[in-house]
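Here's the structure we're looking at; comments come further down.
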Amino acid sequence: MAQRRFSSNSRDDSENEEDDGEEGEEEEEDYDSDNNEAEVDDVTVSDMKREYSAEEKEEEAAAIGYKVIEPLLPSDRFFKNREPVFAVVQVGSHQFKVSNGDCIYVERLKFCEVNDKLILNKVLMLGTSTQTIIGRPILPDAAVHAVVEEHALDAKVIIFKKKRRKNYRRTKGHRQELTRLRIADIQGIEKPEPKVDPKQKRAAVKQQEKVAVAA
Amino acid sequence: MESNLPAFKESNPQLEVITELSRGQHPCLKAFYKNKNERVVCVKNLASEDVLLHATRLRNALGRKVKKLPTRHVTRHPSVQGTWTTGVRF
């Protein structure tokens, strides 16, 4: 019953959605029978499904600490090999220490689709193996580029309340919505040349020796 | 769902959407991911918007197994500046 009413309201709110012929008739009856209640519900529904303008979206995104650029195209060479650079970046109320190629799970970010490129602009610290830049509290000209990989639900958390000797127990499940981001690039610090692995060097040297022996 | 499905199909050209009629069973959405995982969601008695929501959720997921995350930060390169030891001089 409640479900039906909800759906009928949302139909009234947003007229752009097409109706199913069969469902429409059933809903009409319900709607007549409890008109007053439906009106009360209307307000709550419109609150929940608030329409945001582009500026509002940008503002809210900036408050959380990100900015949506554009969808990632398959032709883009957005990902690079690992660089010995890290950044401490804030998204929402969490801070992550990231370098490129990492993936982080943040609370679900609104207004972004899977495969969108983002700029995370609340960078608190940048560092390489020799240099560190600390923001007070943020570095204005630094940026971390990321790509949205997934919007998914976390594992279920069970909230269990109990009062002893009162025969009171409540169980409630919760699944947090998360967004998975892949860090693509860190900008704002000069990057040192990637060092050649000592192991590889040694292997190369050994090979040379072998060649020498064979000769 | 008849109203929303074609639009969903059009907006996601990378997906292969197939409808099947299975008599005597509850309606459900099945998602087959490229990593050979499968996810099934029951959509019995749901409004068409809710069904669409579930379909979008399946689209947005990568098909990982749902587990408790040990950490929200996954990296293969844990340290850039190296581990501190007593021998390090600045």
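Here, each number is a calculation from the coordinates, and none is a lab measurement. A quick note: this is a predicted structure, and the numbers were derived from the prediction, not measured. In this analysis, Cβ positions are derived from the backbone assuming ideal geometry, glycine residues included, and neighbour counts consider all displayed protein chains.
Tabulated data for the structure shown
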read-out	value
Mean Cβ neighbour count within 10 Å, used as a protection proxy, ranking A:182-188, A:128-134, B:22-28 highest first	A:182-188, A:128-134, B:22-28
Nearest-ten-degree value, helix B:48-60 long axis tilted from longest Cα axis of chain B	40 degrees
Point-to-point label distance, A:V157-B:H26, nm (Cα→Cβ direction, 7 Å offset)	2.7 nm
Entries of A:K67/B:K68; A:K57/A:K122; A:K117/B:K67; A:K57/A:K117; B:K36/B:K65 with Cα pairs more than 19 Å apart	A:K67/B:K68; A:K117/B:K67
Two-site FRET efficiency, B:E16 against A:A54, from Cβ-Cβ distance with R₀ of 30 Å, rounded to 0.05	0.35
For residues of B:56-63, the mean tally of beta carbons on other chains within 10 Å	5
Total charge dipole magnitude, the stretch A:58-176, about the Cα centre, Cβ charges on Lys, Arg, Asp, Glu only, Debye to nearest 20	1700 debye
Average partner coverage of B:79-86, which counts Cβ from other chains inside 10 Å	3
Loop-located GluC sites (Glu not before Pro) in chain B, at most 14 other Cβ atoms within 10 Å (DSSP)	B:E2, B:E16, B:E20
Sites B:T71 and A:H174 - FRET efficiency at Förster radius 22 Å, r taken between beta-carbons, to 0.05	0.65
Amide H contacts under 5 Å for A:D102, placed H, 5+ residues apart	A:I183
